[in-house]
Amino acid sequence: MNTHARALPALRESGKPLGKSSALTEKFRRLGITRREDLLLHLPLRYEDETRVTPIKTALDAALFGKGEEEAANSVQLQGAIIDCQIQFHPRRQLIVRLADASGAITLRFLHFYPNQQAALAVGNQVRCVGEIRQGYFGAEMVHPRFRVVLPDTPLPESLTPIYPTTAGLAQPVLTARIDKAISDTPLSETLSAEFLAKAGLPTLWEALVFLHHPPADANAQSLAARQHPAWRRVKLDELLAQQISLRRAYRARREIGAPCLAASGELAAALVRQLPFDLTRAQRRVCAEINADLCAPHPMQRLLQGDVGAGKTLVAALAICQAVESGWQAAFMVPTEILAEQHYLKLSGWFEPLGVEVVCLAGRQKGRTRAARLAAARAAGLIVGTHALIQEGVDYERLALIVIDEQHRFGVQQRLALRQKGKAPHQLMMSATPIPRTLAMSYCADLDVSVLDELPPGRVPIRTRLARDGRREKVIAHVRRKVAAGQQAYWVCPLIEESESLQLKTALETHARLTDALPGLRIGLAHGRLKSAEKQAVMAEFVAGKIDLLVATTVIEVGVDVPNASLMVIEHAERFGLAQLHQLRGRVGRGAQESSCVLLYAEPLSPSARARLKIIFENNDGFEVARQDLQLRGPGEFIGSRQSGLPLLRYADLEADADLVETARALAETLLARFPEKADQTRERWLDEKEALLKA
Ligand code: ADP
Ligand code: MG
């Protein structure tokens, strides 16, 4: 194919049988390339145009005069004869070459060079080189251009030269040669029908790949760069299709696995509901029914429960747990922080113990005899609540049939998997207050069933959010004093210092000291991440019991904490927090019947993005709306902890820019799986290979 690239001198190295060199194989492996398909799907980052030669004088004029900065940085291809070639030793050893054509001459400079390169650049040789022209120490020059020796009539290549992502020690020409060989072999078979492709205006996958590896010189550079060319869209569609097929397969495979049937009479759940001082919301009832249907099915549930902060997800989980316990099985409830574990333990044991169900808490660094006793109790308890201590080695459950994962985006896929492996195909309920945007839900979560709690319990007085400049701190402190005098409690969230844990601790201690000075007579507690877990629990217990008026805290209280009598939240330096974090923090108040408020203290000057965040949180109380706007501000990458989700990220498709392709892929996956399963397999296998194992987690 690209004979041009093949003739480059460096490529002689690649004349060796590639497959046998294990060092080289290792480099390819580092790029994720182990099979022919991987080579074909290793697509260029960008292209260089070597289809044209620019006269040296024209290139010099364009680079050094007249034209703007941007164009000066573009690379050009020159061709001429070598008229001088010398090694210089000052200021350091380097090879200085002069290249001349009919229009002018230019210096080529090499700081590192091999003898064979020096030989190739011998005076009299005709050379073609590609690089950027810069004004250097020796005048206009190209430093380390790519070059090759040609004959005056060597034809120019007809297609653009691909530049591939590569890794240290793997030269472009070596990679290009391998890919070209893969491309010159038999075409990949097409999995989509000709009618579909014609209607969608897309090429076959093979055509798309051939095109993208070597686009013709007149290809639309812009649509190539933006990756919106039909060839790019065909490739991205294939990638999304493979993802959909894989997730659908996983979904179906799960239906083949037997799971404990938790079809109890519902007596325990009814008893729990009877002892509550309130009724379930309609949304809670609907979601409970959805979950119940899953628990009665003979295969494991994998359901995501989304609901804004305060929507009452814990109770929904508790009712599912009732089904497990009443059926004679155990449930485990995993939460991301120790404070939350303690909170949930208190709440859940308050609900369950009157019903005769044993609840055990596993959190933090319990040691020695306490730990042994807890582990023994956990083996058989009806409900085990805890942090990732639940998945540690040595923790076993006799009959684990349901796992609940709260704030699921805080956990990595490995942790969720580890908990699942503590049981035999247990049912899984994952909960999150961070709404997952639609395209993300459709792609990465396509193997989950989703329930939404779209209603808050009645009687909640909406939280009033206020913004206050830092200068008005005295007024805010006076407000705290008034609230406490009226018998209410408040949180004061310390400024966030992400870079340094010790600085964060210092800030927390200082904030606590300052407020203690400013508010004599108030009982002020402090909760931060460096406290021992027993200390943390003690502080929280005092706050819950009303023995602390004002709780100064870091973001350790961010998720889940539920103290209904706390009705005021002050967040210092609110401009440093992310939107999801602000919404979660604000959700710690507004849990009781009294009117709650959240004061966002901010320091000026505000950056434009901080200003945008504060405006959104000020104007919106609804978590789904906050998340939607957050997605617009930050893009989809940051959501559902996709960084730690463990899923192979999409290489080419962009959920935002290619949202329409996500929809198409979803529909196509259904068709292929139903009517052409072997084509579905082909698609999946060429993209996913062994990485796919993780997708099933
Ligand atoms: P989240 O969805 O954020 O996890 P929680 O489960 O912590 O919310 O519930 C918030 C508060 O609302 C808790 O105090 C809980 O007991 C209470 N709650 C839950 N369901 C209802 C309901 N149907 N009516 C009134 N209060 C409820
Ligand atoms: Mg919660």
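Give me the pairs, please: first residue somewhere in the stretch 470-490 and modelled with pLDDT under 95 and of a type in the set (Asp, Glu), second residue anywhere and surrounded by fewer than 18 Cβ atoms within 10 Å (Cβ to Cβ) and not in a helix (DSSP H, G or I), beta-carbon distance under 9 Å, and either six or more positions apart or on two chains.
Listed by first residue and then by second, the contacts come to 470/603; 470/604.
Could you grab me the full set of residues in the stretch 437-453 that are away from ligand 2 (no atom under 16 Å from the Cβ) and either polar (S, T, N, Q) or assigned to a loop (DSSP other than H, G, I, E, B) (or both)?
The answer is 437, 439, 443, 444, 445, 446, 447, 448.
Evaluate the following for residue 318: is it more than 10 Å from ligand 1 (Cβ to nearest atom) and of a type in the set (A, V, I, L, M)? Quick ask: steps written out before the conclusion?
Values: more than 10 Å from ligand 1 (Cβ to nearest atom): no; of a type in the set (A, V, I, L, M): yes.
Answer is no for this residue.
For the stretch 333-347, what are the residues that are aliphatic (A, V, I, L, M) and either away from ligand 2 (no atom under 16 Å from the Cβ) or surrounded by fewer than 22 Cβ atoms within 10 Å (Cβ to Cβ) (or both)?
Here is the first cut: in the stretch 333-347, the ones aliphatic (A, V, I, L, M) are 334-335, 339-341, 346.
Of everything in the stretch 333-347, just one residue is aliphatic (A, V, I, L, M) and either away from ligand 2 (no atom under 16 Å from the Cβ) or surrounded by fewer than 22 Cβ atoms within 10 Å (Cβ to Cβ) (or both), namely 346.
Please specify each residue of the stretch 512-534 satisfying the condition of being charged (D, E, K, R) and in contact with a strand residue (DSSP E or B) (Cβ under 9 Å, 6 or more places away or on another chain). Full working, then the answer.
Residues of the stretch 512-534 that are charged (D, E, K, R), as a first pass: 514, 517, 523, 530, 532.
Residue satisfying the conditions is 523 alone.
Look through 612, 603 and report the one residue that is open to solvent by less than 50 Å² (accessible area, probe 1.4 Å), in contact (Cβ under 8 Å) with a residue 24 or more places away in the chain and either of a type in the set (S, T, N, Q) or within 18 Å of residue 468 (Cα to Cα) (or both). Talk me through it step by step, then tell me what you get.
Numbers: 612 fails: in contact (Cβ under 8 Å) with a residue 24 or more places away in the chain.
Just one listed residue meets the conditions, 603.
Could you tell me whether residue 293 is open to solvent by less than 30 Å² (accessible area, probe 1.4 Å), away from ligand 1 (no atom under 16 Å from the Cβ) and in the same structural domain as residue 441 (by TED's automatic domain parsing)? Write out each step before concluding.
Details: open to solvent by less than 30 Å² (accessible area, probe 1.4 Å): no; away from ligand 1 (no atom under 16 Å from the Cβ): yes; in the same structural domain as residue 441 (by TED's automatic domain parsing): yes.
No.
So which residues in the stretch 99-150 are under 19 Å from residue 87 (Cβ atoms), of a type in the set (Gly, Ala, Ser) and not in a strand (DSSP E or B), if there are any at all?
119, 120, 122, 124
Picking from 63, 122, 23, which residue would you name as being aliphatic (A, V, I, L, M), under 27 Å from residue 154 (Cα atoms) and surrounded by fewer than 18 Cβ atoms within 10 Å (Cβ to Cβ)?
Values: 63 fails: surrounded by fewer than 18 Cβ atoms within 10 Å (Cβ to Cβ); 23 fails: under 27 Å from residue 154 (Cα atoms).
From the options 63, 122, 23, the qualifying one is 122.
For the stretch 535-548, does any single residue satisfy the condition of being assigned to a loop (DSSP other than H, G, I, E, B) and within 16 Å of ligand 1 (Cβ to nearest atom)?
Restricting attention to the stretch 535-548, the residues satisfying the condition of being assigned to a loop (DSSP other than H, G, I, E, B) are 545-548.
Filter again for within 16 Å of ligand 1 (Cβ to nearest atom), leaving 545-546.
Yes: the stretch 535-548 contains one or more residues that are assigned to a loop (DSSP other than H, G, I, E, B) and within 16 Å of ligand 1 (Cβ to nearest atom).
Out of the residues in the stretch 426-436 that are modelled with pLDDT of 90 or more and either in a strand (DSSP E or B) or open to solvent by 10 Å² or more (accessible area, probe 1.4 Å) (or both), state the one that is farthest from ligand 1 (Cβ to nearest atom). Walk me through how you get there before you give the answer.
So in the stretch 426-436, the residues modelled with pLDDT of 90 or more come out as 426-431.
In the following step, the residues that additionally are either in a strand (DSSP E or B) or open to solvent by 10 Å² or more (accessible area, probe 1.4 Å) (or both) were identified as 427-431.
Values: 427: 19, 428: 17, 429: 12, 430: 13, 431: 7 Å.
Here the answer is 427.
The values are calculated or read from the model by the stated rules, or taken from the named source; none is laboratory data. Small disclaimer: the values here were computed from a predicted structure and weren't measured. Positions of Cβ are backbone-derived with ideal geometry, glycine not excepted, and every protein chain shown enters the neighbour counts. For the accessible areas, the whole protein counts, side chains as well, though only heavy atoms, and no ligand, DNA or RNA atoms are used. Shrake-Rupley method; radii C 1.70, N 1.55, O 1.52, S 1.80 Å.
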